[in-house]
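Engineer: I have a structure here, written as structure tokens, and I will follow up with some questions on it.
The values are calculated or read from the model by the stated rules, or taken from the named source; none is laboratory data. This structure is a prediction, so every number in the text was calculated from the model and none was measured. Counting neighbours? That spans all protein chains shown, and the Cβs are built from the backbone with ideal geometry, glycine included.
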Amino acid sequence: MFKYRKYIPITLTVLILLAAIITSFYLVINWNNQPLQVNNTLAASIKNNDSDTSLKNIIHQSQKSVVQIESTIDVTTKTGSGFLINNNGDIITNAHVVKDADSIVVKLSNTREYPAAIVGIGEEQDFAVIRIPDINDLEPIPLDTNQSIDIGDEIMAIGSPMGIQNSVSLGLIVGTDRSFTINDYQYDEVYQISANITHGNSGGPLILRSTGKVIGINSAGISDTDIGFSIPITQVAAKVSEWTSNVKEDELNYLSPLNQQVDKEKLEENVNYVADYFFDNIALRDYVNAYSLLGSQYQGQTSYTAFRQSFQNMIDLKVEKKSIKNIENEQAEMEINVKTTVRNNNYEETEKSMVYNMTIGYENDQLKILQLDKANE
């Protein structure tokens with residue numbers, strides 16, 4: 001009897017351990033099968049910021065494919081917009097922007113300017129295609145010919161209203177079947193949008209905000225109202241493809257302006273644009289596009305890697321003030337005050353105010369940043 005009592009504590013211990021192991025096993029299985037629920041306001045905040053960043057990126061990427069067009073007829077100059085659609089340098093715009101032009105000059109978002117040739121132009125519909133072979137290295141904007149567009153869809157209209165390049169208007173599709181005639185051009189079942197289309201907007205892209213793709217050509221508007229009209233890209237896609245596929249390069253006539261001179265007021269406008277565009281690229285961490293704005297001598301002295309490293313610790317950047325200190329010989333010296341948030345290697349963030357000195361001028365007939373120095377270093 002004593003012999004069996006000696007094994008009772010050992011047996012109980014083993015049973016308790018087995019029960020604990022079995023219980024733990026079932027708890028783990030049950031825990032893995034439960035949905036994970038976390039109430040975290042920080043996660044919601046990050047999601048909203050990602051949405052804002054996504055919109056900024058869509059705008060930024062789209063703007064690089066949108067151009068400003070200046071056409072001259074006799075002594076009259078028209079300003080319009082267009083957008084790059086392929087790697088042949090083909091650009092869609094409105095027919096009324098380039099019809100009967102003596103010269104057509106296209107300005108890119110990085111201020112480079114080129115003469116253009118007409119590939120095809122509509123007679124009854126208000127659209128045209130022009131070509132600049134020298135920009136075949138740029139990324140074209142995607143077209144959406146399959147999307148079903150409905151009233152209430154959010155859109156973006158990009159163009160150069162009143163000559164202000166790469167301006168963006170947000171709005172909605174408020175109609176999908178508007179029809180009318182303007183200056184012998186027939187507009188059938190076009191989109192009505194809650195964004196004003198004025199002088200300089202004509203020919204720019206209508207972009208579906210949810211996809212970042214072009215769904216229309218901004219073509220007409222009612223003055224002093226938020227009412228604009230865009231030709232659906234589906235109406236012109238087949239004809240555009242026919243024109244661009246069948247055109248013969250040796251038959252194209254590139255319409256370059258004669259006796260082009262640099263106007264001081266225009267130069268001031270352009271150098272201010274270049275400065276803003278440069279720091280916009282830095283703020284969006286598009287260092288490649290920012291680096292492309294630098295002159296060849298500056299690039300020869302500073303590699304892309306070194307250039308990127310000088311800015312990549314900045315997580316927020318805003319131009320607070322810029323001023324032209326001197327302008328002569330088609331060059332401008334500028335001072336730019338920048339406020340930025342800098343993150344160090346320990347992930348500590350510090351707000352800083354910086355001053356940059358920038359020289360902007362022409363290199364091979366293109367406006368470039370010739371020199372860039374941080375004044376407070």
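Engineer: Out of (1) part of a strand (DSSP E or B); (2) modelled with pLDDT under 95, the odd one out for Thr359 is which?
Structural biologist: (2)
Engineer: Kindly check whether there is at least one residue in region 112-131 that is in contact with a Leu (Cβ under 9 Å, 6 or more places away or on another chain), among the charged types (D, E, K, R) and closer than 14 Å to Ser65 by Cβ.
Structural biologist: Within region 112-131 (the criterion being in contact with a Leu (Cβ under 9 Å, 6 or more places away or on another chain), among the charged types (D, E, K, R) and closer than 14 Å to Ser65 by Cβ), the answer is yes, since at least one residue qualifies.
Engineer: So which of Gly221, Gly159, Gly216, Gly228 ends up being surrounded by 18 or more Cβ atoms within 10 Å (Cβ to Cβ), farther than 21 Å from Glu70 by Cβ and modelled with pLDDT under 95?
Structural biologist: Gly228
Engineer: Residue check: is Ile324 touching a Lys or Arg at 6+ places or on another chain (Cβ under 7 Å), in contact (Cβ under 8 Å) with a residue 40 or more places away in the chain and under 20 Å from Ala275 (Cβ atoms)?
Structural biologist: For Ile324, the condition - touching a Lys or Arg at 6+ places or on another chain (Cβ under 7 Å), in contact (Cβ under 8 Å) with a residue 40 or more places away in the chain and under 20 Å from Ala275 (Cβ atoms) - is not met.
Engineer: Taking the residues in region 143-163 that are under 20 Å from the mean Cα position of the chain (by Cα) and small (Gly, Ala, Ser) as candidates, determine which candidate is farthest from Thr93 (Cα to Cα).
Structural biologist: Restricting to residues being under 20 Å from the mean Cα position of the chain (by Cα) and small (Gly, Ala, Ser), the top hit is Gly163.
Engineer: Assigned by TED's automatic domain parsing to the domain that holds Val271, farther than 16 Å from Asp373 by Cβ and in a strand (DSSP E or B): which single residue out of Lys321, Lys325 fits that description?
Structural biologist: Unique residue meeting the criteria: Lys321.
Residues checked against (1) farther than 21 Å from Asn281 by Cα; (2) surrounded by 19 or more Cβ atoms within 10 Å (Cβ to Cβ); (3) in contact (Cβ under 8 Å) with a residue 40 or more places away in the chain; (4) not aliphatic (A, V, I, L, M):
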| position | (1), (2), (3), (4) |
| --- | --- |
| Glu330 | yes, no, yes, yes |
| Glu333 | no, no, no, yes |
| Val338 | no, yes, yes, no |
| Asn345 | yes, no, no, yes |
| Tyr356 | no, yes, no, yes |
| Asp365 | yes, no, yes, yes |
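Engineer: Return the residue satisfying two criteria in turn: it lies in region 276-327 and is β-branched (Val, Ile, Thr) and touching a Phe, Trp or Tyr at 6+ places or on another chain (Cβ under 6 Å), and of such residues it is farthest from Ser54 (Cα to Cα).
Structural biologist: Among those that are β-branched (Val, Ile, Thr) and touching a Phe, Trp or Tyr at 6+ places or on another chain (Cβ under 6 Å), it is Val319.
Engineer: Let me ask you something else. Can you name the strands (runs of 3 or more DSSP E) wholly within region 82-154 that have at least 1 residues being aromatic (Phe, Trp, Tyr)?
Structural biologist: Of the strands (runs of 3 or more DSSP E) lying wholly inside region 82-154, those with at least 1 residues that are aromatic (Phe, Trp, Tyr) span 113-115.
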